[in-house]
Amino acid sequence: MNKLLLWGVFTIFPLINKAQIAQPSLSYLERSFQTYDRLHKIIWSDPELGFLEVSSSGVLQKHLLESGFKVDAAVAGMPTSFIASYGSGSPVIGLLAEFDALPGLSQDTVPYRKALQQAGDGHGCGHNLLGTGAVAGAVAIKEWLDKSQHQGTIKVFGAPAEEGGGGKVYLARDGFLSGVDIMLDWHPSTRNAVDVGNGFTAVQMIDYTFHGKASHAAGSPDKGRSALDGVEAMNYMVNMLREHIPYSSRIHYVITNGGDAPNVVPELATVSYYIRHPKRDALKKIVDWVNQTAEGAALGTQTTVSKEIIAGFYEKLPNRKLAELVQKNLEIVGGITYNDRERDFAEQMVQELGGTSTILDKVSEIQPLADERASTGGGSTDVGDVSWNVPTITFGTAAFIPGSAAHSWHWTAAGGTTIGTKALINAAKVFSLTAIELYTNPELIEEAKREFEKRRGADFKYKSLVGDRAPALEYRVKK
Ligand SMILES: [Zn+2]
Ligand SMILES: [Zn+2]
């Protein structure tokens, strides 16, 4: 045997071996494509907003119960949360499941804009796939635990309201993550890649409500004090302070109540803010300044202001050991292969997006593991809070058409097709390979934990950014 051939055998052998060991899980997933295709499409067809996911959460809980899991529903003060577990003893591996939809992103499974319901809700972040993929992974891991008779526990954390309500923050704050050794997480994506934590920010979400005095806007304006003036003065000051805060900060707002009629001086007005920075210590300083603009605006408009913290997330804590482990398993599982119908859909969507079809090569490729670098801004996730409580890793599989943006009708459309199903089955395979490797090699868990402790710092103590408030169960209820 020549040297090159020998090298080939040695490098391929562990991969074959891993897949063989995981066979009970992988073959379960192969034969369960239809089951999970149906499950995620049920959730996709009935999109429910944060904390209102009664049927979506119910669908996943029912499937877990029928698969032999023990399910605790409505934990941490959230009616749509659940924790499902199977197996016994350690190691305890957790999987995160989300299932909330977004407002305004209703869309049919076609590659052009066609809302199913005008201004209706839709799964524009693919959480129908996310929750179903985690559940598929957990049941596949259970198959392996049964066949191998190996000790270990698998837990699914059904976390509501990722889009702004932050269900995971309450799971973390109220101690439901304790005892979990490693948390595995995925997010449907436009590519197959491990997230090394570069693009996420800490966020604080605050509603500011100004209180004025109502009066006839033409007959007796002198008797009124406009709450909307308070909001506008605050927004003006915030738009000026933007220039003087660190570049990687993000601040955005919407006025959720600006009064009812132009001829009534608004007595009440509310502006809803998201304030972000890659590090929560720096974020705190910016939040303090934004709070000062609210107070200054109230003073100058002779109104008063009250504020409510709606949610707050930590930035993500990376874990290189887990990233390397998941990267290898993602490479074993491989990318997505379109059938003719899916390719046709994808090519039409690429055209709609103004791209070229070569971009579709991305879905069959696995991105190399990126280097870690300082975040320069971007979105936030309540997985951040989890990652400071348990060593956590997130990866993505190509559920959406490359070139399309998160929170768009493009994502709703692709996420309701079999492209999404393929992506969630791949994710479930990666979960299986990774969990089995962790169960059978506890030293990997110890290494990940050592890195985790080092990154958090010896004197770290988790303190959530929501204080002691109860979950904002009505943040998406239209008033
Ligand atoms: Zn999202
Ligand atoms: Zn999402």
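Just a few scattered comments:
- Among the residues of the stretch 461-479, those that are among the basic types (Lys, Arg) and closer than 18 Å to Gly384 by Cβ comprise Lys461, Lys463, Arg469.
- Among residues of the stretch 119-130 that are farther than 10 Å from His40 by Cα and part of a helix (DSSP H, G or I), none has a beta-carbon under 8 Å from a residue that is open to solvent by 10 Å² or more (accessible area, probe 1.4 Å) and within 7 Å of ligand 2 (Cβ to nearest atom) at least six positions away or on a different chain.
- Within the stretch 144-172, restricting attention to residues that are crowded, with 21+ Cβ neighbours inside 10 Å and of a type in the set (D, E, K, R), the residue that is farthest from Lys18 (Cα to Cα) is Glu163.
- Of all the listed residues (Ala370, Ala405), the sole one being of a type in the set (A, V, I, L, M), assigned by TED's automatic domain parsing to the domain that holds Ala97, open to solvent by 40 Å² or more (accessible area, probe 1.4 Å) and in contact with a strand residue (DSSP E or B) (Cβ under 8 Å, 6 or more places away or on another chain) is Ala370.
- Scope the stretch 416-458; condition among the polar types (S, T, N, Q) and within 23 Å of the chain's Cα centre (by Cα); matching residues: Thr417, Thr418, Thr421, Asn426, Ser432, Thr434
- Those strands (runs of 3 or more DSSP E) of the stretch 173-285 in which at least 3 residues are buried (at least 17 other Cβ atoms within 10 Å of the Cβ) and aliphatic (A, V, I, L, M), considering only elements entirely within it, cover 182-189, 202-211, 268-277.
- Annotation note: of Ala84, Ala138, the sole residue that is buried (at least 21 other Cβ atoms within 10 Å of the Cβ), assigned to a helix (DSSP H, G or I) and more than 16 Å from ligand 1 (Cβ to nearest atom) is Ala138.
- Members of the stretch 400-456 that are closer than 20 Å to Leu95 by Cα and outside any helix (DSSP H, G or I): Asn441
- Any hit, the stretch 334-344, residues being of a type outside the set (D, E, K, R) and not in a loop (DSSP other than H, G, I, E, B): no
- Those residues of the stretch 371-392 which are away from ligand 2 (no atom under 16 Å from the Cβ) and at pLDDT 95 or above, in sequence order: Trp388, Asn389, Val390, Pro391
- For the stretch 105-118, a tally of residues being open to solvent by 10 Å² or more (accessible area, probe 1.4 Å) and either within 13 Å of ligand 1 (Cβ to nearest atom) or in contact (Cβ under 8 Å) with a residue 24 or more places away in the chain (or both) returns 8.
- Against the list (1) open to solvent by less than 40 Å² (accessible area, probe 1.4 Å); (2) away from ligand 2 (no atom under 16 Å from the Cβ); (3) touching a residue at least 60 places away in the same chain (Cβ under 8 Å), the condition Glu352 fails is (1).
- Filter result for Glu232 (at pLDDT 95 or above, in contact with a strand residue (DSSP E or B) (Cβ under 8 Å, 6 or more places away or on another chain) and acidic (Asp, Glu)): no
- The condition (being on the phi > 0 side of the Ramachandran plot and at pLDDT 95 or above) is satisfied by just one residue among Gly403, Gly396: Gly403.
- Assessment of the stretch 464-475 against the conditions (among the aliphatic types (A, V, I, L, M), open to solvent by less than 30 Å² (accessible area, probe 1.4 Å) and part of a helix (DSSP H, G or I)) yields no matching residue.
- Matching option when the condition is touching a residue at least 24 places away in the same chain (Cβ under 8 Å), farther than 14 Å from Gly415 by Cα and within 16 Å of ligand 2 (Cβ to nearest atom), among Ala84, Ala76, Ala97: Ala97
The values are calculated or read from the model by the stated rules, or taken from the named source; none is laboratory data. Bear in mind that the values here come from a model prediction, so they are computed numbers and not experimental data. With ideal geometry, Cβ positions are generated from the backbone for all residues, glycine too; neighbour counts draw on all protein chains shown. Quick note on the areas: whole protein, heavy atoms, side chains included, nothing else; ligands and nucleic acids left out. Shrake-Rupley method; radii C 1.70, N 1.55, O 1.52, S 1.80 Å.
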